[in-house]
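Only one structure is covered here, and it is reproduced in the block below.
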Amino acid sequence: MCRNIRTLHHFEPPATPEEMRASALQYVRKLSGMRQPSRANQAAFDRAVERVVLATAELLGTLESHGPPRDREVEREKARARGAARERGPAGS
C-alpha cells in the first residue's frame, strides 16, 4: 500500500508536486485504512491529502542540505539492486 512513499528531500531535480501528492495519498490511505473512501468520507479524505501535500512542500522547502544532491537514476538503480537481492534470498540458501 505504501509503495509511492519515497524520500523526496535533497534530490536533483527537486521533488515534483505530483510526487508529493502521490506520497501524501499513500500516507493518508495507510493512516485511514482505506484505499478508496466512501462518498461520506471523500471530502475529509481529499482535505487530508491536500494538507499533507502542503505540509510536505513546506518541510521540503525549509530543510537544509549538506553535500551534493542525490541523483534520482542512481537511487533507482540502488533500489532495483536491493529488490533483486531480496528476490534471491539470503546468501547461502
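We did not get these values from a lab; they are worked out from the coordinates using the rules stated. Remember, it's a predicted structure, so these values are computed and weren't measured experimentally. So basically every Cβ, Gly included, is an ideal-geometry build from the backbone, and we count neighbours across all protein chains shown.
Each stretch of four or more DSSP H residues adds -39500 (n - 2.57); spread over every residue of the chain, this sum gives -21000 deg cm²/dmol at 222 nm. Backbone phi angles across the stretch 47-57, fed through the Karplus curve with coefficients 6.51, -1.76 and 1.60 (θ = phi - 60°), yield HN-Hα couplings of 4, 5, 4, 5, 5, 5, 4, 4, 5, 5, 4 Hz in residue order; Gly and Pro are listed as x.
Backbone phi angles across the stretch 83-90, fed through the Karplus curve with coefficients 6.51, -1.76 and 1.60 (θ = phi - 60°), yield HN-Hα couplings of x, 5, 5, 5, 5, 6, x, x Hz in residue order; Gly and Pro are listed as x.
Extension gain, Arg80-Gln42: 0.36 nm per intervening residue step, less the Cα-Cα distance, totals 10.2 nm. What you get for the chain, charging only the Cβ of Lys and Arg (+1) and of Asp and Glu (-1), is a dipole of about 580 debye around the Cα centre. Backbone phi angles across the stretch 7-24, fed through the Karplus curve with coefficients 6.51, -1.76 and 1.60 (θ = phi - 60°), yield HN-Hα couplings of 5, 10, 7, 6, 10, 10, x, x, 4, 8, x, 5, 5, 5, 5, 4, 5, 4 Hz in residue order; Gly and Pro are listed as x.
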